[in-house]
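In what follows, a structure is listed as structure tokens, so that the remarks can point back to it.
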Amino acid sequence: MAISINITHVVLTGGIGSRLWPLSRKSQPKQYLELFDGQSLFEKTVARNENVSNKTIVVGNIENYKMSNTIMSKFNKPFTHIVEAVPRNTAAAIAFAAFASNPEDVLLITPSDHVIEGSDLYEAALKQAIALANQDYLVTFGIKPTKPETGYGYIEFENENVIAFHEKPNLETATTYLENGNYFWNSGLFCFKSAKFLAELEKQEPEVYLASKLVWEANKNGFLDYELSLNIPSISVDYAVMERSKDIKVVSTHFDWSDLGSFESVYEYLVQNEHPIDANGNIVIGTSKHTTFIGVKNCILIYTADAIMVLQKENSQEVKQVYQQLELMESPLL
């Protein structure tokens, strides 16, 4: 699929996956959990993009880099590892990858914690995105909604043109988006030339651009300076660039996608892959101990060595509130 001289796969490995507590912890975020056919989501992400890219850049934080290196060693291919001293959100993370690349390199930006099924459909979407990136567009990937999801941002579109980006909606608004038919879920996947991204970042958020540039120029073998990093405003790439640039295109995708951002999406993935389920739709994750559910439906029991949680599948978004309460308590369970 050689459309550009260099296509660089940029893997973003930050994030804790707080909505998947207690499985996902600061010491082992969800992208490193080997829940998926004996592989982690991180490993699946690298493998999925191995044949469509010439280079790989991993951008992650100081807590994660050893886990990332362990997984990358399975691939026996050189890669660039950019290790953030402190998380400064996705605009800066992508800027570091762009600074580490040649100006005309096409960057394929992917989170490390998504599930994508359908390799032919995925490669077709990438081919379309790379062609647009070579025309100096910033490209995002839209996922056709299958339900009124309140956990995702949305992209309002017409053909390949983005009309507007929308924050996570309430249920009523999400239902309207689904009925209208011209709204995609915002996947968090992007594609653009490194020079184009940096030019847009400098134009839209000069403070982020300059502070990130100083941090990158002071890097030592990919490790970034803590004190300098604190000067970078913490802003997402969506807000910093994608929602404000005039050179945005969206690729309509047809592959199966999930960010596994909640236990509801994990439930759906596991059940599709023949995870045991009882007659009332209840499942157990994390233990083989005999577990019986009586009088409840669509419940998930999550078992770890130091925590047990039981939740109704439909209340999965509320797990983040539990995580936030534990943060306030400075709990060792995080």
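The values are calculated or read from the model by the stated rules, or taken from the named source; none is laboratory data. Computed from a predicted structure; not experimentally measured. Glycine also receives a Cβ, built like all others from the backbone with ideal geometry; neighbour counts cover every protein chain displayed. All accessible areas refer to the heavy atoms of the entire protein, side chains included, with ligands and DNA or RNA removed. Shrake-Rupley method; radii C 1.70, N 1.55, O 1.52, S 1.80 Å.
Can you name the residue in the stretch 74-105 that is over 14 Å from residue 192 (Cα atoms) and hydroxyl-bearing (Ser, Thr, Tyr) and is also most open to solvent (accessible area, probe 1.4 Å) among such residues?
80
Please pick out the residue among 327, 318, 274, 314 that is more than 24 Å from the chain's Cα centre (by Cα), over 30 Å from residue 158 (Cα atoms) and among the charged types (D, E, K, R).
274 is the lone residue from the list that is more than 24 Å from the chain's Cα centre (by Cα), over 30 Å from residue 158 (Cα atoms) and among the charged types (D, E, K, R).
Starting from residues that are surrounded by 11 or more Cβ atoms within 10 Å (Cβ to Cβ) and modelled with pLDDT under 95, keep the ones in the stretch 280-290 and report whichever is farthest from the chain's Cα centre (by Cα).
Looking at the filtered set, the residue picked out is 287.
Being free of Cβ contacts under 8 Å to residues at least 12 places away in the same chain and of a type in the set (D, E, K, R) narrows it down to one of 314, 264, 318, so name that one.
Of 314, 264, 318, the one residue that is free of Cβ contacts under 8 Å to residues at least 12 places away in the same chain and of a type in the set (D, E, K, R) is 318.
Starting from residues that are among the hydrophobic types (A, V, I, L, M, F, W, C) and in contact with a Lys or Arg (Cβ under 8 Å, 6 or more places away or on another chain), keep the ones in the stretch 132-179 and report whichever is farthest from residue 238 (Cα to Cα).
Per the stated criteria, the residue is 178.
Is it the case that residue 152 is of a type in the set (Phe, Trp, Tyr) and not in a helix (DSSP H, G or I)?
The answer is yes for residue 152.
So that you can scan it fast, the table gives a plain yes or no per residue for (1) over 21 Å from residue 11 (Cα atoms); (2) at pLDDT below 95:
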residue	(1), (2)
166	yes, yes
180	yes, yes
197	no, no
201	no, no
227	yes, no
230	yes, no
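Yes or no, residue by residue, for (1) in contact with a strand residue (DSSP E or B) (Cβ under 8 Å, 6 or more places away or on another chain); (2) polar (S, T, N, Q); (3) open to solvent by 80 Å² or more (accessible area, probe 1.4 Å):
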position	(1), (2), (3)
224	yes, no, no
230	no, no, no
251	yes, no, no
262	no, yes, no
309	yes, no, no
314	no, no, yes
318	yes, no, yes
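Before we move on, is residue 234 open to solvent by 50 Å² or more (accessible area, probe 1.4 Å) and under 19 Å from residue 12 (Cα atoms)?
Working: open to solvent by 50 Å² or more (accessible area, probe 1.4 Å): yes; under 19 Å from residue 12 (Cα atoms): yes.
Here the answer is yes, as residue 234 does meet what is asked.
Restricting to the stretch 6-58, name every residue that is part of a helix (DSSP H, G or I) and of a type in the set (Asp, Glu).
Scanning the stretch 6-58 gives 43, 50.
Only residues that are open to solvent by 30 Å² or more (accessible area, probe 1.4 Å) and either closer than 28 Å to residue 100 by Cβ or at pLDDT 90 or above (or both): list them for the stretch 3-22, please.
3, 5, 6, 14, 15, 16
Within the stretch 127-164, track down each residue that is touching an Asp or Glu at 6+ places or on another chain (Cβ under 8 Å) and either at pLDDT 95 or above or under 13 Å from residue 249 (Cβ atoms) (or both).
132, 136, 137, 138, 162, 163
Anything in the stretch 197-222 that is open to solvent by less than 60 Å² (accessible area, probe 1.4 Å) and farther than 22 Å from residue 153 by Cβ? List them, or say none.
The answer is 198, 199, 209, 211, 212, 215, 216, 218, 219, 222.
Any residue that is open to solvent by 30 Å² or more (accessible area, probe 1.4 Å), among the β-branched types (Val, Ile, Thr) and under 17 Å from the mean Cα position of the chain (by Cα) - is there at least one of those in the stretch 56-66?
No: the stretch 56-66 contains no residue that is open to solvent by 30 Å² or more (accessible area, probe 1.4 Å), among the β-branched types (Val, Ile, Thr) and under 17 Å from the mean Cα position of the chain (by Cα).
In the stretch 294-307, what residues are open to solvent by less than 100 Å² (accessible area, probe 1.4 Å) and more than 21 Å from residue 35 (Cβ to Cβ)?
Step one: of the stretch 294-307, the residues open to solvent by less than 100 Å² (accessible area, probe 1.4 Å) are 295-296, 298-304, 306-307.
Correct list: 295, 296.
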